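The values are calculated or read from the model by the stated rules, or taken from the named source; none is laboratory data. Worth saying up front: this structure is predicted, and the values here are computed from it rather than measured. Here the Cβ positions follow ideal geometry from the backbone for every residue, glycine too, while neighbour counts run over all protein chains shown. Each accessible area value is taken on the protein alone, full model and side chains, heavy atoms only, with ligands, DNA and RNA left out. Shrake-Rupley method; radii C 1.70, N 1.55, O 1.52, S 1.80 Å.
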Amino acid sequence: MNIVVCAKQVPNPEIPMGKFKIDAQALKVIPPEGIAPVISPFDEQAIEVALRIKEKNPGSKITALTVGAGSAGDILKHALSMGADEGIFLSDPAFEGSDAFGTAYILSKAIQKLGNVDLILCGRQAADWDVGQVGTLLAEDLGIPLITIARKVEVLNGKLSVERALIDGYEVLEAPMPSLVTVSNEVGLPRLPTGMGIIMAARKKVAVWKAQDMGIDVAKVGKNAARSEMVKLYIPVREAKCEMFQADTVAEATVKMAVRLREAKVI
Amino acid sequence: MAEDKGLLTIGEVANGKLAPIAAELLGIGRKLADARGDKLDMLLLGANLAEAAKQAIAYGADRVYVAENPALAEYNPDSYAAAATKVAKQLSPSILLMGQTDMGRDLAPRLAAKLGGAVSMDCTELAIEPDTKLLLATRPVFGGNANGVMRVKARPQMATIRAKSMAALEPNASRQGEVIKVDAGVDASAVKVKVTKKVKQEALGIKLEDAEFVVTGGRGMGGAEAFKSLEELARVLGGAVGATRAACDDGWVASTIQVGQTGKIVSPKLYIAVGVSGAMQHIAGCSGSKNIVAINKDPEANIFKVAHFGVVGDYKEALPAFIQKCKELLAT
Ligand SMILES: Cc1cc2nc3c(=O)[nH]c(=O)nc-3n(C[C@H](O)[C@H](O)[C@H](O)COP(=O)(O)OP(=O)(O)OC[C@H]3O[C@@H](n4cnc5c(N)ncnc54)[C@H](O)[C@@H]3O)c2cc1C
Ligand SMILES: Nc1ncnc2c1ncn2[C@@H]1O[C@H](COP(=O)(O)O)[C@@H](O)[C@H]1O
């Protein structure tokens, strides 16, 4: 099987609240100092899903794709160190400022160039702008079936069997291949790269594909092609007025808190 | 420019009744439609929709388009996308709104692609820009660390709304409106994905989303066993138990009780967070709570920045005394 995983680099999403800074004028998020960006967590889980499928279907090939600029391609090395076979960095100045439609179009052209793909995996949403659309739009561009928010993905008798996480349970869906599936955290923790994986990844070369390599119509990508624009970015004000309870013991402190909650008619 | 008119909402029905999210859609939809001079339309897809259609009018809809078809009785991504696209193309609304639900998360981007529009997902505020009459959609980004305001340039301008972030109107059974049947015949060849099974995993007792009291445990609880004391506290208060994603991912509790950006949205009278660090993605699911109590052994934990009442300490010392005192207080 040929499996493609689309992955994106994001600022570490689990930084403490106080470290998160924006440039409201430029409508940009300022990368937190000294905290390295990471592969978007759901995308890392998408790679995990691909690896599990490969284990059951020996001979499969996993190709990781990312659209971005500068160091954004570094996550491909991470994908390789986890066990992906190939990484391709889709990078061109023309791509900058693309919205979900532009990004999906770029990915679709890369996938068409690869050809013969059986399964495409994306994260349910990227842990930066939380857009939650690129996977869907990519499936629409390619005209292939789509299942979102998977908690389990299996290949059974040449078909996909996917459990889709629902708010109060899950449902099982069946789809032919090729199809696209977006992955949610319920699939389980991604494996850590092994020492050997890291050495192998360091040796592998990551290809860089530009717009013309994929026959991309540059009028369809970049900021000008975007169908939405951000007009404002701000950090919501949160009044931090926590009434703290103290006493000789923790138990006594909570008793004081319970009494206070009762007085305030909260309980 | 062609007629830039029409505000369509896509509602949802649960057990024959209009779902709360649909009433919330009509609440905000009414404001936006009035600001633009539009009628407020709602599309309902499914089977047995008569009762829900009536309710939609009571909640503010001017016209309810009812697409009844046995093939739509349960959500199937392909048949719903095909049916909704067909109706939306006929109505050609300028604005199209849905809920950020199991259905909305899945369907909205598909529709945006099929209709040529664009969608802002999981919005917490919607407004009409006075000069342009365009939709301004505010959505949390970076897990809720910031808010971005989006203006969609394509048509339809679409948005999904986060549950409980916008208020429904008081229903008024004497409101007048039209119910219009529409044909949503779905071409079987459009349906590529089959739903073969649906599994409900609802917890017994009070529903987490509806509970007045929510007791949530995080990774600080250390294991599944410790959640028993949270269940006891929830029982004492008459509430429900929630969890952070970390606690769910570790397999201590079912993932259906996850609170947060990608879990459930709750807005109880009292939210008690125990061993929860207070990551923004978690707070996104409980920031609408009237009161937040935090018990955490780390005085620097983020949770104390959003809580109203707090105790620094080990839950093992804190919880038994707290539960005991609550029992006493509630008995008087
Ligand atoms: C895109 C995205 C979406 C996400 N969506 C969600 C979501 O919907 N919901 C969600 O919850 N998370 C979500 N997360 C994860 C989130 O970022 C945090 O990782 C998670 O909420 C942390 O859970 P926690 O507070 O239980 O664990 P931790 O962050 O590990 O915190 C545990 C806390 O327990 C305290 N503690 C430890 N021992 C004790 C003790 N004995 N007594 C008292 N306190 C103790 C510690 O001081 C610490 O503060 C998401 C993340 C991403 C990237
Ligand atoms: N720049 C990108 N490069 C590769 N994949 C991406 C990119 N942006 C988004 N994706 C994929 O699409 C998913 C959803 O992203 P988004 O719609 O931005 O929330 C991500 O989890 C990735 O799998």
* Which of the residues spanning region B:78-92 are touching a strand residue (DSSP E or B) at 6+ places or on another chain (Cβ under 7 Å) and either buried (at least 24 other Cβ atoms within 10 Å of the Cβ) or within 22 Å of B:Thr196 (Cβ to Cβ) (or both)? -> B:Tyr80, B:Ala83, B:Ala84
* To do: Tally the residues that are in contact with a strand residue (DSSP E or B) (Cβ under 7 Å, 6 or more places away or on another chain) and not aliphatic (A, V, I, L, M), restricting the search to region A:155-200.
  => 15
* Pair list, Cβ under 9 Å, 6 or more apart: region B:235-255 residue free of Cβ contacts under 8 Å to residues at least 24 places away in the same chain and within 17 Å of B:Ala284 (Cα to Cα), other residue open to solvent by 20 Å² or more (accessible area, probe 1.4 Å) and in a loop (DSSP other than H, G, I, E, B) -> B:Cys248/B:Ala254; B:Ser255/B:Gln201
* Among the residues of region A:150-160, write down those that are more than 10 Å from chain B (Cβ to nearest Cβ), of a type in the set (A, V, I, L, M, F, W, C) and either within 16 Å of ligand 2 (Cβ to nearest atom) or in contact (Cβ under 8 Å) with a residue 24 or more places away in the chain (or both). => A:Ala150, A:Val153, A:Val155
* To do: Just give me the residues in region A:225-258 being touching a residue at least 12 places away in the same chain (Cβ under 8 Å) and of a type in the set (S, T, N, Q), in sequence order.
  => A:Ser228
* Asked: Of B:Ala273, B:Ala284, B:Ala247, which residue is within 16 Å of ligand 2 (Cβ to nearest atom), crowded, with 21+ Cβ neighbours inside 10 Å and either more than 25 Å from B:Asp102 (Cβ to Cβ) or more than 9 Å from every other protein chain (Cβ to nearest Cβ) (or both)?
  -> B:Ala284
* **Residue under evaluation B:Met121, criteria (1) facing chain A (nearest Cβ under 9 Å); (2) assigned to a loop (DSSP other than H, G, I, E, B); (3) buried (at least 20 other Cβ atoms within 10 Å of the Cβ), criterion not met** => (2)
* To do: Sort through B:Ala82, B:Ala127, B:Ala61, B:Ala50 and tell me the only one that's within 18 Å of A:Met230 (Cβ to Cβ) and more than 9 Å from chain A (Cβ to nearest Cβ).
  => B:Ala127
* **Filter pass, B:Thr138 being out of contact with any His (no Cβ under 9 Å at 6 or more places or on another chain), free of Cβ contacts under 8 Å to residues at least 40 places away in the same chain and more than 10 Å from chain A (Cβ to nearest Cβ)** => no
* Asked: So which of B:Ala113, B:Ala88, B:Ala19, B:Ala67 is over 15 Å from B:Gln157 (Cβ atoms), at pLDDT 95 or above, assigned by TED's automatic domain parsing to the domain that holds B:Glu170 and in contact with a helix residue (DSSP H, G or I) (Cβ under 8 Å, 6 or more places away or on another chain)?
  -> B:Ala67
* Say we look at region A:124-137 and pick out the residues that are among the aliphatic types (A, V, I, L, M) and within 7 Å of ligand 2 (Cβ to nearest atom); which of these is least open to solvent (accessible area, probe 1.4 Å)? -> A:Ala126
* To do: Filter region B:297-320 for residues that are closer than 21 Å to B:Ser229 by Cα and open to solvent by 20 Å² or more (accessible area, probe 1.4 Å) and give the result.
  => B:Lys297, B:Asp298, B:Val312, B:Asp314, B:Tyr315, B:Lys316, B:Glu317, B:Pro320
* Asked: When only residues in region A:4-29 that are within 16 Å of ligand 1 (Cβ to nearest atom) and out of contact with any helix residue (DSSP H, G or I) (no Cβ under 8 Å at 6 or more places or on another chain) count, which is farthest from A:Ala127 (Cα to Cα)?
  -> A:Gly18
* **Among (1) over 19 Å from the mean Cα position of the chain (by Cα); (2) within 30 Å of A:Leu146 (Cβ to Cβ); (3) charged (D, E, K, R) - the single one B:Lys39 does not satisfy** => (2)
* To do: Could you pull out the residue among A:Ser91, A:Ser40, A:Ser81 that is among the hydroxyl-bearing types (Ser, Thr, Tyr), within 16 Å of ligand 1 (Cβ to nearest atom), modelled with pLDDT of 95 or more and within 19 Å of the chain's Cα centre (by Cα)?
  => A:Ser40
* Qualifying positions in region A:1-60 - within 20 Å of A:Gly115 (Cα to Cα) and of a type in the set (S, T, N, Q) -> A:Asn2, A:Asn57, A:Ser60
* Among strands (runs of 3 or more DSSP E) lying entirely in region A:161-254, which contain 2 or more residues that are surrounded by fewer than 20 Cβ atoms within 10 Å (Cβ to Cβ) and facing another protein chain (nearest Cβ under 7 Å)? -> A:169-175, A:228-234
* Structure fact -> B:Phe142: passes all of (1) within 19 Å of the chain's Cα centre (by Cα); (2) surrounded by 23 or more Cβ atoms within 10 Å (Cβ to Cβ); (3) at negative phi but (3)
* Asked: Within region B:291-327, can you find the residues that are more than 11 Å from ligand 1 (Cβ to nearest atom) and either in a helix (DSSP H, G or I) or of a type in the set (Asp, Glu) (or both)?
  -> B:Lys305, B:Val306, B:Pro320, B:Ala321, B:Phe322, B:Ile323, B:Gln324, B:Lys325, B:Cys326, B:Lys327
* Just one of (1) of a type in the set (Asp, Glu); (2) within 11 Å of ligand 2 (Cβ to nearest atom); (3) over 30 Å from A:Lys232 (Cα atoms) trips up A:Asp85, so point out which. => (2)
* Asked: Yes or no: A:Pro32 open to solvent by less than 20 Å² (accessible area, probe 1.4 Å), within 14 Å of another protein chain (Cβ to nearest Cβ) and more than 14 Å from ligand 2 (Cβ to nearest atom)?
  -> yes
* **Unmet requirement for B:Lys290, which otherwise passes all of (1) facing another protein chain (nearest Cβ under 7 Å); (2) open to solvent by 10 Å² or more (accessible area, probe 1.4 Å); (3) within 31 Å of the chain's Cα centre (by Cα)** => (1)
